[in-house]
C-alpha cells in the first residue's frame, strides 16, 4: 500500500497549501497550448496526497474545500486515471494519488443543437471543459440502486468522466426517443451520429406507471 507523501521534499508533497501546489502544477502546464500531455508522461509514483474530489465536484485539500475556482481548474488539467482505477495528479516528474468519491468532473450544462441523426449534445463541465458527446466522448447510464434512478456519465478525456448533474439529466431525457437496437426497442439519446441507450422502452414504461 502506498504511503502518504512526506512534506520534506521539493515536489507536490512539499507544498503546505493549495496555492503552493498550484505553483508546482502550473510549471507542468503549457499556457495557451491546451491541456498538458499527461498521458505521455511516465513519472514515478510518489505516494498519496490528502486531496479528494467529492461527488458534487467540490475539491478538498487536507480536509478543507479549495475555494478558488482557478486553482481547481488548474489541478484538473493534470488529472489522469490509470488502468489501476486510481486517479492521479501528474507532472513530468511526479505522480501522486488522490481520492475521487464518484467522478472527477460534473457536467453542469448541455446545449442541444440540430435534430435527428445530425443532433449534437455539447456539455460544459464544472472545470470549464466543453465536450461534444459522440464516438470519442460517449455517454453511459448506470442504475442507481439506492434511489432506483439513473446516473449518466460523459467521457471527457482519457479515462476521466463527468457525472451529469441531475437537472442536466432531465434535459437529456427530454430529448430521448425510442430506437431499435439489436432487435430491442430502447429509450435512447443521439449525438453526432451515435446512439446512447438509456434503458429498454418496456422498462421505462414499467417505471413510469
Selection count where residues are assigned to a loop (DSSP other than H, G, I, E, B), in contact with a strand residue (DSSP E or B) (Cβ under 8 Å, 6 or more places away or on another chain) and touching a residue at least 40 places away in the same chain (Cβ under 8 Å), scope the stretch 130-156: 4
Cβ pairs under 8 Å, 6+ apart, first in the stretch 159-173 and in the same structural domain as residue 125 (by TED's automatic domain parsing) and in contact (Cβ under 8 Å) with a residue 12 or more places away in the chain, second buried (at least 20 other Cβ atoms within 10 Å of the Cβ) and in a helix (DSSP H, G or I): 164/172
Check on residue 119, out of contact with any strand residue (DSSP E or B) (no Cβ under 6 Å at 6 or more places or on another chain) and surrounded by fewer than 20 Cβ atoms within 10 Å (Cβ to Cβ): no
Residue count for the stretch 43-66, restricted to those that are closer than 27 Å to residue 130 by Cβ and either buried (at least 21 other Cβ atoms within 10 Å of the Cβ) or in contact with a helix residue (DSSP H, G or I) (Cβ under 9 Å, 6 or more places away or on another chain) (or both): 7
Residue 127 vs. criteria at pLDDT below 95 and assigned to a loop (DSSP other than H, G, I, E, B): yes
Condition broken by residue 147, with the remaining ones in (1) surrounded by fewer than 15 Cβ atoms within 10 Å (Cβ to Cβ); (2) outside the structural domain of residue 177 (by TED's automatic domain parsing) satisfied: (2)
Members of the stretch 40-66 found to be assigned to a loop (DSSP other than H, G, I, E, B), closer than 25 Å to residue 153 by Cα and either free of Cβ contacts under 8 Å to residues at least 24 places away in the same chain or out of contact with any strand residue (DSSP E or B) (no Cβ under 6 Å at 6 or more places or on another chain) (or both), listed by number: 54, 55, 56, 58
Positions within the stretch 170-209 being surrounded by fewer than 19 Cβ atoms within 10 Å (Cβ to Cβ), in a helix (DSSP H, G or I) and under 22 Å from the mean Cα position of the chain (by Cα), in sequence order: 170, 171, 173
Residue list for the stretch 157-168, restricted to those being assigned to a strand (DSSP E or B) and farther than 11 Å from residue 108 by Cβ: 157, 160, 161
Single residue of 137, 69 found to be closer than 15 Å to residue 189 by Cβ and under 18 Å from the mean Cα position of the chain (by Cα): 137
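The values are calculated or read from the model by the stated rules, or taken from the named source; none is laboratory data. This one's a predicted model, so the numbers in the text were calculated from it and none came from an experiment. When we count neighbours, we look across all protein chains shown, and the Cβ atoms used for this are built from the backbone with ideal geometry, even at glycine.
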